[in-house]
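The values are calculated or read from the model by the stated rules, or taken from the named source; none is laboratory data. Quantities reported herein were computed from a predicted structural model and do not represent experimental measurements. We place every Cβ from the backbone using ideal geometry, glycine too, and count neighbours over all the protein chains shown. For the accessible areas, the whole protein counts, side chains as well, though only heavy atoms, and no ligand, DNA or RNA atoms are used. Shrake-Rupley method; radii C 1.70, N 1.55, O 1.52, S 1.80 Å.
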Amino acid sequence: MEPIRTLSQMVNCLRSRGIRRRVAVVCPNDPHTEYVIMRALREEIAEFCLVTDALHSGMAHRLYEVSPDFIKVYEAVSPDEAAAVAVELVRTGEADILMKGLINTDNLLRAVLNKEHGLLPPGNVLSHITLAQIPLYHKLLFFSDAAVIPRPTLEQYRVLIQNDIRVCQSLGCIEPRIALIHCTEKVNPKFPHTLSYVQLKEDAQNGMFGAVFMDGPMDAKTACDAHSGEIKGLSSPVVGNADLMIFPNIESGNTYYKTLSLFGDANMAGMLTGTTSPVVVPSRSDSGNSKYYSLVLACLQETK
């Protein structure tokens, strides 16, 4: 598989497979979610189980009338019950992907993380991966974690990196170049994540992550700009050519996410990883395009 280098190529790749993925949408009651559903139907990449609470069921039923062959509507008493019903549809194999509509993320995650009826197997780590198409970068750029893990432990780093590698490979990035992000290139005990980075690089050299290139600590500019690396005397397959950036904490990852989208004119996509099936949990401030490409990214993943 040739590496996918644009978000539109993701759509083309998915369409070429000729398979509609089944998506359970929780509370599809807002214009952005309606846009995603209608666009996915036009592109013939998905069919939908719309799980709505009874007070806001009008949009779901209107969408059903537009495409009754590819939409089913389920009514629940409340948003919390809608989340539970949608998770159960995914858990039992009636849907392949879970997607958030107009419901609070915490409410949805309670259903996803339910120990008896949720989607996170015991021992797995829930994390988030973002994919960005940046006008001034020569390929798609993945990064973690901008939404879930406050400050990853060494073991959490190991699991989220493995999760991220699988997502990279689903887009044809078979040997991802992984940059471990910090404000400098120095390892310093005052910044415990830099000590984790030393161990992660040793893990990579010992084959824990398969065929990857990993380097760091390094700053974000060095990871994506070869000239910056030259000035600093740094040379590795990762410098200036990163596929995947691993951030030390949620503050830096989330700030990078918001900065890219606001000032970098980047198109974004994102999803949760670690669950048995892909989960799309877009931010309320994400554009309709971002939410659509997030769904496309999830549709390209294999369920466990």
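Odds and ends about this structure:
- Shown for the chain: cysteine residues without a partner Cβ closer than 4.7 Å, namely 13, 27, 49, 183, 224, 299.
- Heavy-atom accessible surface of the chain: percent carbon and sulfur, 1.4 Å: 52
- The loop-placed trypsin sites (Lys or Arg not before Pro) in region 82-115, going by DSSP, that have at most 10 neighbouring Cβ atoms within 10 Å of their Cβ come out as 115.
- Degrees, to the nearest 10: 154-170 long Cα axis against longest axis of the chain: 70
- Highest to lowest packing among 234-246, 25-37, 204-216, scored as the average C-beta count within 10 Å: 25-37, 234-246, 204-216
- Taking the chain as a Gaussian network of alpha-carbon nodes connected by springs under 10 Å, the highest mean-square fluctuation of the residues 224, 168, 183 belongs to 183.
- Sequentially through region 129-139, phi angles give Karplus couplings (6.51, -1.76, 1.60; θ = phi - 60°) of 10, 10, 10, 10, 9, 10, x, 9, 10, 7, 7 Hz, Gly and Pro residues having no value and appearing as x.
- Projected onto their three principal axes, the Cα atoms of region 56-114 cover extents of 33, 25, 16 Å, largest first.
- Viscosity 0.890 mPa s, 25 °C: Kirkwood-radius Stokes-Einstein D of the chain over Cα pairs, µm²/s: 124
- Nonlocal amide H pairs with residue 149, under 5 Å, H built at 1.01 Å: 128
- Around the amide H of residue 49, modelled in the peptide plane, lie the amide H atoms of 23, 24, 25, 72, all under 5 Å away and 5 or more residues distant in sequence or on another chain.
- Between 0 and 90°, nearest 10: helix 192-205 axis offset from the chain longest Cα axis: 90
- Centroid-to-centroid separation of region 171-241 and region 260-284 [C-alpha atoms, Å]: 23
- For region 57-126 versus region 25-42, the gap between their alpha-carbon centres in whole angstrom: 14
- Label-point gap, in nm, between residue 232 and residue 154 - each point 7 angstrom along Cα→Cβ: 2.4
- Helix axis angle, 31-43 relative to the chain longest principal axis, alpha carbon, degrees: 90
- For region 84-169, the relative contact order comes to 20 percent (Cα pairs under 8 Å, sequence separation of at least 6).
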